[in-house]
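Below is one structure, written out as structure tokens; the observations come after it.
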Amino acid sequence: MTGTLVNVATVIAGSILGLIFKQRLPRRVVTVVFHGIGLFTMGLGVSMFLESQWIITVVLSLLFGGITGGLLRLEERVENMSENIKSRFRFTDERFTEGLITSFLLFCMGSLTLLGAINEGMGQGPELLITKSVLDGFSSMALAAAMGVGVLFSVIPLLVYQGGITLLSMWLGDFFAQSVVNELTATGGVLLIGLGINILNLGKLKITDLLPSLLFVVLFAWMQYRQIFPFSLF
């Protein structure tokens, strides 16, 4: 868990610096930064999606994930939770929820996150996650300057998600074959593309409702890897 704890610390530090800069930057500069983040998010999403070798697993995962998330009303529940946090801490940031979700997805959907967490869990050291921590520290500065304090609170799902993968890989390391990681990365890339669309105000997609796709893609990709049910036949 060393790598994840270092990652959390750098995001906290970067977010605090970003919030300080936000108070001193003109509104037009913050808007330009916001647009840059949106374009970067879409570009990153496309590059991640191209890692897919079994596109049908991504499609099926988004389908089943969307149905599950819609039935559970995840988007609505997360928004309500965020509003409760805002009320409890008396925040006035209108982009609180967007900042939290955007930061979590950007920090956690990349292959570096997955490979780093798996490597540390399998006893190969936290070097990848420490490298990622440096990148996330600078990213959190820009995100916090554009989106506010919600970025700081993204460390909570970051700790749960990334730390959870590390702990799971301690017992189930063989489950996370490279092909499974590729499909998980590709599915995360699709979510980032949708997130970029939201950031740029090109639409309003319920990305949170699609988060269960990340669970389904691990199952489907593992089944494909083990040839339990070869999705490539369809």
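A few comments on the model shown:
- Among the candidates Leu5, Leu44, Leu62, Leu19, residue that is out of contact with any helix residue (DSSP H, G or I) (no Cβ under 6 Å at 6 or more places or on another chain) and either assigned to a helix (DSSP H, G or I) or of a type in the set (Ser, Thr, Tyr) (or both): Leu5
- Lone qualifier among Met141, Met223 - being within 29 Å of Glu79 (Cβ to Cβ), of a type outside the set (Gly, Ala, Ser) and part of a helix (DSSP H, G or I): Met141
- Candidate set from segment 73-125 (those that are aromatic (Phe, Trp, Tyr) and not in a loop (DSSP other than H, G, I, E, B)); member that is surrounded by the most Cβ atoms within 10 Å (Cβ to Cβ): Phe107
- Any hit, segment 106-128, residues being closer than 22 Å to Thr185 by Cβ, of a type in the set (D, E, K, R) and more than 17 Å from the chain's Cα centre (by Cα): yes
- Residue count, segment 177-226 (criterion: at positive phi and buried (at least 21 other Cβ atoms within 10 Å of the Cβ)): 0
- Within segment 175-183, the presence of at least one residue that is of a type in the set (Gly, Ala, Ser), at pLDDT below 90 and not in a loop (DSSP other than H, G, I, E, B) is confirmed.
- Criterion applied to Leu128, Leu50 was being crowded, with 20+ Cβ neighbours inside 10 Å, in contact with a helix residue (DSSP H, G or I) (Cβ under 9 Å, 6 or more places away or on another chain) and hydrophobic (A, V, I, L, M, F, W, C), and the one residue passing it is Leu128.
- Residue that is nearest to Gly148 (Cα to Cα), among those in segment 65-90 that are of a type in the set (Gly, Ala, Ser) and in contact with a helix residue (DSSP H, G or I) (Cβ under 7 Å, 6 or more places away or on another chain): Ser82
- Total residues in segment 51-71, condition modelled with pLDDT of 90 or more, within 17 Å of the chain's Cα centre (by Cα) and not polar (S, T, N, Q): 5
- Looking across segment 19-30, the residues that are without any contact (Cβ under 8 Å) to a residue 24 or more places away in the chain and of a type outside the set (A, V, I, L, M) come down to Gln23, Arg24, Pro26, Arg27, Arg28.
- Taken together, the residues in segment 22-34 that are surrounded by 14 or more Cβ atoms within 10 Å (Cβ to Cβ) and either part of a helix (DSSP H, G or I) or small (Gly, Ala, Ser) (or both) amount to 5.
- Scanning segment 6-18 finds no residues that are without any contact (Cβ under 8 Å) to a residue 60 or more places away in the chain and either among the hydrophobic types (A, V, I, L, M, F, W, C) or more than 25 Å from Val181 (Cβ to Cβ) (or both).
- Screening Ser61 on (1) touching a Leu at 6+ places or on another chain (Cβ under 9 Å); (2) under 19 Å from Asp93 (Cβ atoms) shows it passes everything except condition (2).
- With respect to the conditions (1) hydrophobic (A, V, I, L, M, F, W, C); (2) farther than 25 Å from Ala13 by Cβ; (3) out of contact with any Pro (no Cβ under 9 Å at 6 or more places or on another chain); (4) in contact (Cβ under 8 Å) with a residue 12 or more places away in the chain, Leu72 lacks only one, and its number is (3).
- Qualifying residue in segment 149-162 (condition: closer than 22 Å to Ser52 by Cβ, of a type in the set (Val, Ile, Thr), at pLDDT 85 or above and buried (at least 22 other Cβ atoms within 10 Å of the Cβ)): no
- Within segment 144-158, tally of residues that are part of a loop (DSSP other than H, G, I, E, B) and farther than 22 Å from Val190 by Cβ: 2
The values are calculated or read from the model by the stated rules, or taken from the named source; none is laboratory data. Keep in mind that this is a model prediction, so the values were computed, not measured. For neighbour counting, all protein chains shown are included, and Cβ atoms are generated from backbone atoms with ideal geometry for every residue, glycine included.
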